[in-house]
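Asker: Once you've had a glance at the structure underneath, I'll fire off some questions.
The values are calculated or read from the model by the stated rules, or taken from the named source; none is laboratory data. Predicted model, so just to flag it, every value in this text is computed and none were measured. When we count neighbours, we look across all protein chains shown, and the Cβ atoms used for this are built from the backbone with ideal geometry, even at glycine. Keep in mind that these areas ignore ligands, DNA and RNA; they rest on the heavy atoms of the full protein, side chains included. Shrake-Rupley method; radii C 1.70, N 1.55, O 1.52, S 1.80 Å.
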Amino acid sequence: MLTKYSGNLELIEALKSGDSKAYTFLVDTYHHKLCIYAYSLSNDEKAAEDIVQNVFIRTWKKRNRLKSDFEIRSFLYKSVYNEFIDEYRKQKLVVPLEKKYIDALTTMVENEDDHALEAKIKLVKRAIQNLPPKCREIFMLSKHDGLTNLEIAEYKQVSIKSVEAHITKAFSILRQSIREEMPQVLFLIFKSLKKDPHTSRSV
């Protein structure tokens, strides 16, 4: 990706020397993907833009602290992640399950091509839409609306076992769309896997 600069070291040295062109190159190269990543964490376009902007500004202001052995791409992703966590903690505590998915998501996104994460999210959303109607409805009540299995059972006037069966079936179908990273992608889409212990274990 470092097409203008021969490598990571040359880009860092240019930044440290105060080369504004290096900063422009950094922003042009990583802004879009970092915004996708920040949005996947915050689910808020304005917040995502603010997070990324803050990271770039802080990187430039503290460019003298950049080390030659930094991998600039990983550094930027970690900076966005830390910025998000700082803001998120101001709103509420990060429970262990959320931290598990956020950490796994960070690793996943750092290794993706520019549009791979978007493609995976679209793939899972399409798979959700293609679920059998009743299965999709109960799954969405659980993941989108955040209802517990008991609340869904009372609302739909069915047994809890029936609700559990539909949700388990939904996860089984969705796993066929995207396997190892399916829990992280669902977390991105709904941010609510923590609400239902049964389905959290199912993932």
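Asker: Given a 1.4 Å probe and heavy atoms of the protein chains only, how would you sort K156, K161, largest accessible area at the top?
Answerer: Greatest to least solvent exposure: K161, K156.
Asker: Next question. Of the peptides 34-40, 12-18, 50-56, how do they stack up when ordered by the mean number of other Cβ atoms within 10 Å, highest first? Display every interim value, and only then the final one.
Answerer: Working: 34-40: 22.0, 12-18: 16.3, 50-56: 20.1.
Ranking the peptides 34-40, 12-18, 50-56 by packing returns 34-40, 50-56, 12-18.
Asker: What three numbers, in Å, describe the spread of the alpha carbons of the stretch 1-58 along their principal axes, ordered from the longest?
Answerer: So the extents along the principal axes, rounded to whole Å, are 35, 21, 14.
Asker: Tell me, what is the FRET efficiency for Q176 and K156 to the nearest 0.05, using R0 = 35 angstrom and their Cβ-Cβ distance as r?
Answerer: With R0 = 35 Å, the Cβ-Cβ based efficiency is 0.90.
Asker: Ok, one more. If I take R0 = 25 Å and measure r between the Cβ atoms of L66 and D86 in this structure, what FRET efficiency does the formula 1/(1 + (r/R0)^6) give, to the nearest 0.05?
Answerer: Calculated value: 0.80.
Asker: Give me the accessible area of R126, 1.4 Å probe, in Å² rounded to the nearest 10.
Answerer: Result for R126: roughly 130 Å² accessible.
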